[in-house]
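Chemist: Take this structure, written in structure tokens, and hold onto it; I'll ask about it next.
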Amino acid sequence: MPAVRALEDRGRALTEALAVQDVLAYRGAIDTGAMLDTLLALHEELNDRPFVDSPNVAEFVERYRAAVDDVRSWRLGKTDFDFVRTLARGQFGIVDIVRSKHNKGVYAMKTLNKRALLSQRE
């Protein structure tokens, strides 16, 4: 069972690495949050394209569907904040002062107008 042992060792090493802050900085890589964002983006991209016709891609999409749904539910969104007041308005969006419903902290939230941003590319 050397292959099983090697997998256990790799799993343990990954778990230990993820427990450390700035997990992959030694390679100039990204943190755990960015890795989860990458999983979300990859899953969405493969799910919305003709790639799903490939059996391997379809299996990947189905296998990680529940995990992706969990990660989506963990992300912060507008509903996690209470609006306090508008700080500034610009050509591409609005900056509001908001208060977190979770820790009562005060933050600035920038809301961009996607249509205005995309029209600038044209």
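Coordinate-derived values only; no laboratory data. Not measured: the values here are computed from a predicted model. Note that each Cβ is placed from the backbone with ideal geometry, even for glycine, and that neighbours are counted across all protein chains shown.
Chemist: Note down the nm distance, to one decimal, between modelled labels 7 Å out along Cα→Cβ at ARG72 and at ILE97.
Modeler: Using points 7 Å along Cα→Cβ, the separation is 3.5 nm.
Chemist: Taking 0.36 nm per residue of sequence separation and subtracting the Cα-Cα distance, how much length would be gained by fully extending the chain between ASP53 and LEU87, in nm to one decimal?
Modeler: Here the answer is 7.5 nm.
Chemist: Between LEU112 and MET35, what length in nm is gained on full extension when 0.36 nm per residue of separation is reduced by their alpha carbon distance?
Modeler: Working: separation 77, 0.36 × 77 = 27.72 nm, distance 2.38 nm.
Full-extension gain reported as 25.3 nm.
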